[in-house]
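First up is the structure itself, then whatever we jot down about it.
The values are calculated or read from the model by the stated rules, or taken from the named source; none is laboratory data. Since the model is a prediction, treat every value here as computed from it, not as a measurement. Please note: Cβ atoms are built from the backbone with ideal geometry, for glycine as well, and neighbour counts cover all protein chains shown.
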Amino acid sequence: MPVPDLVKSDLDPAIAARLKRNADGLVAAVVREHGTGDVLMMAWMDDEALHRTLTTGRATYWSRSRQEYWVKGATSGHVQIVKGVVLDCDGDALLVTVEQVGAACHTGTHTCFTDTLPVTTTEAGATEATAGAAASEVAL
């Protein structure tokens, strides 16, 4: 569901012009921890959420389920203090670096990325990194 058109943003027009939004007017925000580099979560921002994030230093997102702005930690106390925001080369994703206080995930875990999926490759489909690791193991 798209962000309501009634939202007027004070986001710098030069920044807004560089954003490539999805059909709902949102940009993906990948969040990583400042001290560790851990990828903590992924959320969505519209222009106003990005403006609030840049001007308050508190990570603010657009909640697609609640259809409202969401300041991370406003109710849980698990705040994200913004250390930096970088726009990717295509303008369709943001990398938000934060100092995380408490759990980042709503499930109570440090990161939302906890379910490791199995990766199986064939000899022909192996990446250089996989092939290099396999060669190292054989040498041992």
> Restricting segment 14-23 to residues that are more than 17 Å from the chain's Cα centre (by Cα) and surrounded by 10 or more Cβ atoms within 10 Å (Cβ to Cβ), which is farthest from T55 (Cα to Cα)?
Replying inline: R18
> Taking S136 and the conditions (1) at pLDDT below 95; (2) part of a loop (DSSP other than H, G, I, E, B); (3) of a type in the set (S, T, N, Q); (4) surrounded by fewer than 10 Cβ atoms within 10 Å (Cβ to Cβ), which numbered condition does it fall short on, given that it satisfies the others?
Replying inline: (2)
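Could you list all residues from segment 9-26 that are assigned to a helix (DSSP H, G or I) and of a type outside the set (A, V, I, L, M)? Working first, answer last.
Of all residues in segment 9-26, those assigned to a helix (DSSP H, G or I) come to 13-18.
Within segment 9-26, P13, R18 qualify.
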>> Conditions first: (1) surrounded by fewer than 16 Cβ atoms within 10 Å (Cβ to Cβ); (2) closer than 20 Å to F113 by Cα. T55 passes all but one, so which condition is the exception?
In response: (2)
> Any idea which of (1) modelled with pLDDT under 95; (2) surrounded by 11 or more Cβ atoms within 10 Å (Cβ to Cβ); (3) not polar (S, T, N, Q) is the one A103 doesn't satisfy?
Replying inline: (1)
>> Considering only segment 35-54, I want to know if a residue exists there that is part of a strand (DSSP E or B), among the aromatic types (F, W, Y), closer than 26 Å to K20 by Cα and at pLDDT 95 or above.
In response: yes
> Does D88 count as surrounded by fewer than 16 Cβ atoms within 10 Å (Cβ to Cβ), without any contact (Cβ under 8 Å) to a residue 40 or more places away in the chain and within 14 Å of the chain's Cα centre (by Cα)?
Replying inline: yes
>> I need every pair where a residue in segment 40-68 that is farther than 17 Å from I15 by Cβ has its Cβ under 7 Å from the Cβ of a residue that is at pLDDT below 95 and loosely packed, with under 14 Cβ neighbours inside 10 Å, sequence separation at least 6 or different chains.
In response: R64/M1; Q67/M1
>> Quick check on this structure: which one of G73, G25 is at pLDDT 95 or above and not hydroxyl-bearing (S, T, Y)?
In response: G25
> Restricting attention to segment 77-85, does a residue exist that is surrounded by 13 or more Cβ atoms within 10 Å (Cβ to Cβ), closer than 20 Å to R21 by Cβ and at pLDDT 95 or above?
Replying inline: yes
> Restricting the search to segment 27-57, which residues are under 22 Å from T111 (Cβ atoms) and over 14 Å from the mean Cα position of the chain (by Cα)?
Replying inline: G35, T36, G57
